[in-house]
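Derivation of every value follows stated rules applied to the coordinates shown; laboratory data play no part. Predicted model only: the values in this text are computed from it and were never measured. Every residue, glycine among them, receives a Cβ derived from its backbone with ideal geometry; neighbour counts consider all protein chains shown.
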Amino acid sequence: MAKVLVAYASKYGSTGEVADAIATTLRNRGLDAVAQPVESVNDLEGVSAVVFGVALYFFRWRGSAHKFLKRHHRTLERIPVAVFGMGPLEDSPDQYTGARGHLDKGLEKHAWLEPVSVTVFGGRLAPEHLRFPDNNPAMRQMGAVDLRDWDEIGKWAESLVEKLDDAVQGKHAIEAQVR
Ligand SMILES: Cc1cc2nc3c(=O)[nH]c(=O)nc-3n(C[C@H](O)[C@H](O)[C@H](O)COP(=O)(O)O)c2cc1C
């Protein structure tokens, strides 16, 4: 059975909740999937595929996300990786296109990575949880927002089952030929 790690870089928890939902969907489809914050991933031993989630802040990735990819570069270039970014707080095409651009810009720093799928999900803002310097008047003024669409998230996770499994099978086939 393919072991899938859903590794996420989050500041206020909403990316972690999406990662948990993805792991649950993958488990329901028979994969051995767990969600874990990138900061607590020491090694990728036994992991056959990774779903990597990153929250965007001020047009950039959380720094821990870059560190994770750098640290595990050698393993990640040999296994399938799917990527999701979080997340616009306004439901307009411009916001999603912009976020996708910022997600892709981060990916460009890791040109060796060839994700099997990349997507952006709407984000969540809970103003009462914001800490300095995020708790500035402009952010607080936005009020509470939650654009996470759990159906869409579930569908994307479903779409990964075959891709991750196929890719894992494909890698095994390549390794078998080399031997
Ligand atoms: C200070 C601040 C800056 C943000 N900047 C961006 C951004 O540049 N692009 C974007 O798409 N979302 C941005 N967001 C929205 C977050 O990505 C969204 O709230 C996400 O769900 C946060 O994930 P987390 O709860 O896992 O930290 C920002 C949120 C805050 C509070």
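The slack in the chain from ARG27 to ALA138, taken as 0.36 nm per residue of separation less the alpha-carbon distance, amounts to 36.0 nm.
Between HIS73 and GLU162, the C-beta separation translates, for a Förster distance of 22 Å, into a calculated FRET efficiency of about 0.30. Remark: segment 91-108, residue by residue, has Karplus-estimated 3J(HN,Hα) of 8, 9, x, 4, 5, 5, 5, x, 4, 4, x, 6, 5, 5, 4, x, 5, 4 Hz, where x stands for each Gly or Pro and the curve is 6.51 cos²θ - 1.76 cosθ + 1.60 at θ = phi - 60°. Enumerate the amide H contacts of VAL51 below 5 Å, restricted to partners 5 or more residues apart or on another chain; note that Pro and chain-start residues carry no placed amide H. The list, which skips near neighbours in sequence, is LEU5, VAL6, ALA7, ALA82. In terms of the mean number of neighbouring beta-carbon atoms within 10 Å, the peptides 64-75, 10-21, 102-113 order highest first as 10-21, 64-75, 102-113. Extension gain for the segment LYS3 to VAL41, taken as residue separation times 0.36 nm less the Cα-Cα distance, is 12.2 nm to one decimal. Using the average count of surrounding beta-carbon atoms within 10 Å as a protection proxy, the listed peptides 25-34, 122-131, 80-89 rank, highest first, as 80-89, 25-34, 122-131. Taking the helices alone, the chain has a mean residue ellipticity at 222 nm of -14000 deg cm²/dmol, built from -39,500 (n - 2.57) per DSSP H run of at least 4 residues and averaged over all its residues. Scanning residues 5 or more positions from LEU31 or on other chains, none has an amide H under 5 Å from its amide H, with H placed 1.01 Å from N in the peptide plane. Model label points for ASP104 and LYS11, set 7 angstrom from Cα along the Cα-to-Cβ axis, are 2.4 nm apart.
Rounded to the nearest 10 degrees, the angle from helix 150-178 to the longest Cα principal axis of the chain is 30 degrees.
The mean sequence distance of close C-alpha pairs (under 8 Å, at least 6 residues apart), as a share of the length of segment 1-116, puts its relative contact order at 26 percent.
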